[in-house]
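Remarks on the structure that follows.
The values are calculated or read from the model by the stated rules, or taken from the named source; none is laboratory data. Since this is a predicted model, take the numbers as computed values, not measurements. Here the Cβ is made from the backbone with ideal geometry for all residues, glycine too, and neighbour counts use every protein chain on show. Areas reflect the complete protein model, heavy atoms only, side chains present, ligands, DNA and RNA absent. Shrake-Rupley method; radii C 1.70, N 1.55, O 1.52, S 1.80 Å.
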Amino acid sequence: MKRKGQVFVLCFLVLAILAGGGFAQQKTLRVLLANHPYMEVLRPLIAEYEKQTGTKVNVESYDENQLTQKLTTEFATRSSTMDVFMTRPLQEGKLFFKNGWYENLSPYLKDSKKTPASYNFADYAASAVSAVTHKNDVYTIPLVTEWEVLYYRTDLFKKANLAPPKNFDELIAAAKKLHDPKNGVYGIVSRGQRGAAVTQFSSYLYNYGGDFIQEGKGAVVDTPQAIEAFKFYGRMLAEYGPPGVTNMSWAQCMAVFQAGNVAMWTDASVFLGNLKDPSKSKVADNVGVAMFPAGPKGNSPYSVVSWGMAVSRQSKNKDEAYKFLLWATSREIAVKAMVDKGITMARTSVWKDPGVQKKFDPQLADTAIKVGPIGKPYDRPLMTAVGEARDAIGEVIVLSIETKGTGDIAGAAKKAVQKVNELLKNAGEL
Amino acid sequence: MLDSRFVDRHIRILFPLPALLFIAIMMVFPILYTFSLSFTTWNLASGMPPRFVGLNTYIEVLKEPRFWAAMGRTFYFTFLAVGCETILGMIWALILNREFFGKEGIKLLLLLPLVSTPVAIGIAWVLFYEPTIGLANWALKSLGLMPLKWIADQNTVIPSLVLVDIWQWTPMMTLIFLAGLASLSPEPYESARVDGANGWQIFWHITVPMVVPIILTGIVLRSIDAFKTYDIIYTMTNGGPGFASETLNIYAYNLSFNYFRFGHAAVVLFFLFLIVLSFSFLVNRLKDRGHG
Amino acid sequence: MDKTRLYYKLSSFSKGFLFFLLVLCILIPVVFPFLWMLDASFKTQKDITSIPPRFLISRTMENYRRVFEEQNFLRFFFNSAVVGVSATLISLALGLPAAYSIARYRQETYRFTILVARLMPGISLLLPWYLMFSRLELIDTFIALILSHILIGLPIVVWTMSSYFQSVPLEIEESALVDGVTRQRIFVNIVLPISTPGIVTATTLSFLFSWNNFMFSQVLSMENTKTLPLAVYNFVSYAEVDWGAVMAASIAIITPAIILTMIFQQYVVKGLTVGALKG
């Protein structure tokens, strides 16, 4: 029995190793992508890249939280076999740079042997590059820019004789008018899930004159302006939002919009393609997109480099990895992403491409032009412990939604401030 | 290979040895490691190694309201779930405790929730609870009742999760009680019937005392599993809305794999482990009594 | 005379009917979610979201096509099967001798150690395991996953089998001992063969619990070794909540578990209740 047992064990371990493909072949790249519309564009093209270069590319994709989790744990335990990865400069940038997990790309970009002139790095706007620059060096290639917009149902607006709201008062009025739960239409939706909600709430916060962090002072989400913003957001979603909004992140919001159950949705600008895709959306022909409405203190919605792509410093084939990075962020793919999916890419020249101009949604292009000079370059508190800070601030949002904005928002906001300040202090950032 | 006479003589050590070694490497060592981490502050994401801080991390965790809220919630979930399951399971077992055509078939059906993958079950219930398109609210509305927000409301999220747990685990309680009832010896019943006791008296004075040990063990075992519930909560709410369904398990997971604060996570795990260990002692005591 | 017989008949009939109703009250809530999932898995998205719900209307295989063709679920089936089968076999190899020894020599400390392993919250092991396996560069390999799943299977094997071995009569073994047969031979040639029912129980349960495990895969596996529960979960978390396909995936993952349970029903019942009954 004993010997039999040992043989069994051995057999299975050997089988397992073989099946697991534990031994890497030569010239293999491991690439981690986020579940993002851009991934849907890139992934089918990779087979072609493999054919052209002879490099095997293993792609994995995760939702954004899982991705951060995988990246952080792998890098921190120095067990990473990853070569190229999608990254959120605002979420992880500070931390990853501080820990030396990004490969410094500046030497590569300056080297004309590694970066052909046709790549044209100057194509990225200075503001986008600054978001991925640490101590004068570039660590990430900006991929997608996002700003908050208002998606709305053109058919419902037309029937109710409404124009897209220009400010918060009109927004509420429109939501109220279109709110018709008996017929399965809710006035407005926006994220209500704890941590996820914070980024989309940020534009509301800014338009009420609030902010997340003040230099040298720490968190300021308990100012009267911020509390007004929390109350407004909570009341709006409680009164005119679909039930269950406190469990909704972008995926659920998108699903209810596609199903035709909401009249308006405020979220990042990258979802238009999926909303207008007739195979996924029941309301594909009736989607409009407008500028984020202004608040009592003007209009400055966020406009950020939401995703970038980077090479891991722990990568064992950095040159191959960099080649892949150049290809994945090339102008051709950017054009394709804009044409096929309506993704708002960070390269400026693609916006002037004739193919893009013909196909790209003019309404969305209009918001891009308008948001340029007024947008805020961040949509979350900029710090290393972003995840935990988002959860703390998100709790205030949830409370406000649950109580229709009538709960002890000020008290909850104070607690969030304490928590965020504690995190800042622990990281030596306050 | 080992000399067979040597094996024969030392069989009481050699036979359990591989299993115990495995447990030592895969369980005891990790637990000790976690325990040692609990005296440090270590934020993996900071890129710095763990720093020894004595009991500081314990104090920080004990001062953290989120920890206590999670603790209370875990007990609330456990008591509510196991309480309902025990009562329901007993009623079901009493109903089914007789011979009838199709009994085995019913037992099979009772097994289904137990063996179904919790993740899949959780997802199905998410759709069931969906406030707009879900069946739960449709049923409430057609009965003329107010629709609820189920797992999307801080007040109803725990009872809603408990309902899933009840659905999944009441059959387990039923099967345990049924097996217990079947193992009872018939003599006391016969003599009671001779004495002219009625059905209720028989149940209360004979059945109950005999099945109490079985019920108790069942309850304790179930409590431990309910206490550790993870898959269902993670897939259905991930601790939300807000933190309203964040149990100790979920909190520990968030601390370790979302915030990467391993020192703090280790402290929470220490308390979790302590609670489960005391439950285990309880099971062992009950078992001992069973053996005696 | 007739009247009393009629009364008697009626009363026994109504009693039977009452019993039937009671049984129905138990069965409907237990079974309904499954039927409902099954029904939904054949519906289009539009039919699933329609209120009031309509049952048994659409018959589309589209959801299953998406699960198996677009999401490549066969691969995840394979992964789950490799992990489940290997972990179960190794658990048996390690657990059977241990259980025998525990049963025969009343090794209560060992029994308690195994009990703790059964009751341990898995989450408290994840963190050290993750660190350990990443040092050894074993993350996302079957080795790490199988090792972790043995910790699910082994306590089940020891737990069920030590009770079982205790119920095996000693006389046969004793007479063999007198004949000078070694204990390990007795174990392999005599005890194991007559313990087949117990082994079937332990095997089935160990495989089922490994098949259903989500937590360990969540941290220890990635693209190459992704198991079914993880694949189903990822399916929901991403993008459009495609309920039809999600239900199809859920049905696909619980079907093997249900078939296994149907085949080994008696054994599963025994295994699940053995913990609570006197050893």
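Worth a mention:
- Only one of A:VAL335, A:VAL339 that is of a type in the set (A, V, I, L, M) and at pLDDT below 90: A:VAL339
- Residue in region A:367-388 that is within 30 Å of A:ASP222 (Cβ to Cβ), part of a helix (DSSP H, G or I), within 14 Å of chain B (Cβ to nearest Cβ) and without any contact (Cβ under 8 Å) to a residue 60 or more places away in the chain present: yes
- Tabulated pairs, region B:214-238, first within 8 Å of chain C (Cβ to nearest Cβ) and within 15 Å of B:ILE275 (Cβ to Cβ), second open to solvent by less than 10 Å² (accessible area, probe 1.4 Å) and in a loop (DSSP other than H, G, I, E, B), C-beta under 7 angstrom, 6+ apart or interchain: B:LEU221/C:GLY275; B:LEU221/C:ALA276; B:LYS228/C:PRO121
- Taken residue by residue, region A:102-111 has at least one member that is of a type outside the set (Asp, Glu) and without any contact (Cβ under 8 Å) to a residue 12 or more places away in the chain.
- Counting residues in region B:242-250 that are assigned to a helix (DSSP H, G or I) and touching a Ser or Thr at 6+ places or on another chain (Cβ under 6 Å) gives one or more.
- Of all residues making up region B:159-209, the number that are at pLDDT 80 or above and either within 11 Å of another protein chain (Cβ to nearest Cβ) or under 25 Å from B:ALA226 (Cβ atoms) (or both): 24
- Among the residues making up region A:392-416, those that are in contact with a Gly (Cβ under 8 Å, 6 or more places away or on another chain) and either in the same structural domain as A:THR68 (by TED's automatic domain parsing) or surrounded by 22 or more Cβ atoms within 10 Å (Cβ to Cβ) (or both) are A:GLY394, A:GLU395, A:ILE397, A:VAL398, A:LEU399, A:SER400, A:ILE401, A:GLU402, A:ILE409.
- Scanning region A:96-112 for residues that are part of a helix (DSSP H, G or I) and farther than 22 Å from A:ARG390 by Cβ, we see that the one that is most open to solvent (accessible area, probe 1.4 Å) is A:LYS110.
- Test: A:GLY93 is in contact (Cβ under 8 Å) with a residue 24 or more places away in the chain and crowded, with 22+ Cβ neighbours inside 10 Å: yes
- Highlighted here are the helices (runs of 4 or more DSSP H) found entirely within region A:113-187 that include at least 1 residues which are within 18 Å of A:VAL350 (Cβ to Cβ) and open to solvent by less than 70 Å² (accessible area, probe 1.4 Å): A:126-131.
- On inspection, C:GLY122 fails the criterion of being farther than 15 Å from B:VAL28 by Cα, touching a residue at least 40 places away in the same chain (Cβ under 8 Å) and either more than 8 Å from chain A (Cβ to nearest Cβ) or open to solvent by less than 20 Å² (accessible area, probe 1.4 Å) (or both).
- Number of the exception - B:ALA19 against (1) more than 29 Å from B:GLU246 (Cβ to Cβ); (2) open to solvent by 30 Å² or more (accessible area, probe 1.4 Å): (2)
- All of A:GLY187, A:GLY210 fail the test of being in the same structural domain as A:ALA259 (by TED's automatic domain parsing) and touching a His at 6+ places or on another chain (Cβ under 6 Å), apart from A:GLY187.
- Looking across region C:125-151, just one residue is closer than 20 Å to B:LEU14 by Cα and either open to solvent by 10 Å² or more (accessible area, probe 1.4 Å) or away from chain A (no Cβ under 14 Å) (or both), and that is C:LEU151.
- Boolean, B:LEU14 is surrounded by 13 or more Cβ atoms within 10 Å (Cβ to Cβ) and either under 19 Å from C:MET132 (Cα atoms) or at pLDDT below 85 (or both): no
- Residue in region B:262-270 that is more than 30 Å from A:THR403 (Cα to Cα), under 20 Å from the mean Cα position of the chain (by Cα) and open to solvent by less than 20 Å² (accessible area, probe 1.4 Å) present: yes
- The one condition in (1) part of a helix (DSSP H, G or I); (2) touching a Phe, Trp or Tyr at 6+ places or on another chain (Cβ under 6 Å); (3) touching a residue at least 12 places away in the same chain (Cβ under 8 Å) that A:GLN69 fails to fulfil: (3)
- Criterion (outside any helix (DSSP H, G or I), touching a residue at least 60 places away in the same chain (Cβ under 8 Å) and closer than 16 Å to A:PRO381 by Cβ) met by exactly one of A:ASP211, A:ASP222: A:ASP222
- Positions within region C:152-175 being within 13 Å of another protein chain (Cβ to nearest Cβ) and either within 15 Å of C:THR204 (Cα to Cα) or open to solvent by less than 10 Å² (accessible area, probe 1.4 Å) (or both), in sequence order: C:ILE152, C:GLY153, C:LEU154, C:PRO155, C:ILE156, C:VAL157, C:VAL158, C:TRP159, C:MET161, C:SER162, C:PHE165
- The single condition among (1) modelled with pLDDT under 95; (2) open to solvent by less than 40 Å² (accessible area, probe 1.4 Å) that B:MET48 does not meet is (2).
- All conditions but one from (1) in contact (Cβ under 8 Å) with a residue 40 or more places away in the chain; (2) at the interface with another protein chain (Cβ under 9 Å from one of its Cβ atoms); (3) part of a helix (DSSP H, G or I) apply to B:GLN154; the one that does not is (3).
- Residue satisfying all of: in region C:46-69; among the aromatic types (Phe, Trp, Tyr) and more than 14 Å from chain B (Cβ to nearest Cβ); nearest to B:ILE133 (Cα to Cα) among these: C:TYR64
- Residues of region A:242-259 classified as in a loop (DSSP other than H, G, I, E, B) and under 23 Å from A:PHE168 (Cα atoms), total: 5
- Residue count for region B:32-45 satisfying the condition of being out of contact with any strand residue (DSSP E or B) (no Cβ under 7 Å at 6 or more places or on another chain) and either under 23 Å from C:LEU96 (Cα atoms) or open to solvent by 30 Å² or more (accessible area, probe 1.4 Å) (or both): 4.
- Test: residue in region C:114-131 that is farther than 30 Å from A:ARG78 by Cβ, of a type in the set (Ser, Thr, Tyr) and within 23 Å of the chain's Cα centre (by Cα): no
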